[in-house]
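A quick write-up on the structure given underneath.
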Ligand code: KG4
Ligand code: ZN
């Protein structure tokens, strides 16, 4: 329990190292193993309460899904099952730790492709039972949402633009488990639109990085593509009309792949910027002072979009914080960190916790420091 109080003391006072009555105290760090299997990355990582990533292994299943042009849930679940043993052992080896030396075992318990989530969760529960360690079932979106606290030590509150393959939402992040949804997509997620556009332009799989690469050689102003909901009040998104426009254009101009990719990416950038501006105006009314704009999720790995959002943050006079690309896409460190925050706040989940294919962030329980 000493570990926990140390961590909270540091969090509140922002002091390091921890001292007690003027004496520097050396208490072993709290370490959590995190397992991520909700989509097509099999990942395991270990982080500690000094915000160090002691191991971070990510095995991409791209090769297995490429022939199908998208993630096949059944293949993903079987691939997680095949790989998880080695990935977890490898992560422990990288950190130079045994299972007995970690303080908790966290796994994504949803939302995501349920077969993979069941594999990762069951694996983590078995480890927790065998090693007599606390188990934590982590919400994957919370993992993305809290990553900046691991990478940059950001304090609450902040505005989060969460843009991934399955999600596109703006959230006021006001504490651990306190997420207020300001808006979200009414059809496709941003990453999903990138993946579909990549398919339409025959750019292969995975789609987001392929579109970004193609766009580098393109002229974003050659074609004017729609920017759904631009200029409207509120913080909702829509991408399906843009995707349809790309399909029609790709049929009419099959040689213009780079220009279409660049035009599409610019349109997504304008939509994200416009909606985020509205959200920044809302939180500026709610919160005193300047609080950061945080971008997370796989699409945040896109450099052009990062630049676009940097200008939005600069206009509003707030800092932009984006994790490094390898921590934007799915990874175990984000799950380990969210698990560590919850463990430090006193949470332990039952081994009977049911994995969930759907699990909105607003349904999470608020967790206050104990
Ligand atoms: O967060 P993530 O790894 O998995 C989900 O939780 O969905 O996000 C994956 C999504 C995919 O749709 C992928 O195409 C997109 O993030 N993505 C990108 C880039 N890298 C990954 N989209 C645009 N540009 C990128 N560089
Ligand atoms: Zn994700």
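The values are calculated or read from the model by the stated rules, or taken from the named source; none is laboratory data. This structure is a prediction, so every number in the text was calculated from the model and none was measured. Using ideal geometry, Cβ is built from the backbone for each residue, glycine included, and neighbour counts are taken over all protein chains shown.
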Inside the range 37-57, the number of residues satisfying the requirement of being in contact with a helix residue (DSSP H, G or I) (Cβ under 8 Å, 6 or more places away or on another chain) and not in a strand (DSSP E or B) is 6
Would you mind telling me which numbered condition in (1) modelled with pLDDT of 95 or more; (2) more than 18 Å from residue 367 (Cα to Cα) residue 166 fails?
-> (1)
Would you call residue 257 under 25 Å from residue 214 (Cα atoms) and buried (at least 24 other Cβ atoms within 10 Å of the Cβ)?
-> no
Hey, does the range 112-125 have a residue that's closer than 16 Å to residue 80 by Cα, surrounded by fewer than 24 Cβ atoms within 10 Å (Cβ to Cβ) and within 13 Å of ligand 1 (Cβ to nearest atom)?
-> yes
Are any of the residues in the range 333-340 modelled with pLDDT under 95, crowded, with 19+ Cβ neighbours inside 10 Å and part of a helix (DSSP H, G or I)?
-> no
Just need a number here: residues in the range 155-170 that are more than 15 Å from ligand 1 (Cβ to nearest atom) and crowded, with 18+ Cβ neighbours inside 10 Å.
-> 4
Output the number of the condition that residue 208 fails; it satisfies all remaining conditions of (1) touching a helix residue (DSSP H, G or I) at 6+ places or on another chain (Cβ under 6 Å); (2) in a loop (DSSP other than H, G, I, E, B); (3) at pLDDT 95 or above.
-> (2)
Answer from 159, 182 - the residue that is within 28 Å of residue 239 (Cβ to Cβ), over 17 Å from the mean Cα position of the chain (by Cα), more than 16 Å from ligand 2 (Cβ to nearest atom) and assigned to a strand (DSSP E or B) | 182
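Check the range 279-293 and report whether any residue there is within 16 Å of ligand 1 (Cβ to nearest atom), surrounded by 18 or more Cβ atoms within 10 Å (Cβ to Cβ), modelled with pLDDT of 95 or more and assigned by TED's automatic domain parsing to the domain that holds residue 210.
Of all residues in the range 279-293, those within 16 Å of ligand 1 (Cβ to nearest atom) come to none.
Checked against the condition, which is being within 16 Å of ligand 1 (Cβ to nearest atom), surrounded by 18 or more Cβ atoms within 10 Å (Cβ to Cβ), modelled with pLDDT of 95 or more and assigned by TED's automatic domain parsing to the domain that holds residue 210, the range 279-293 yields no hits at all.
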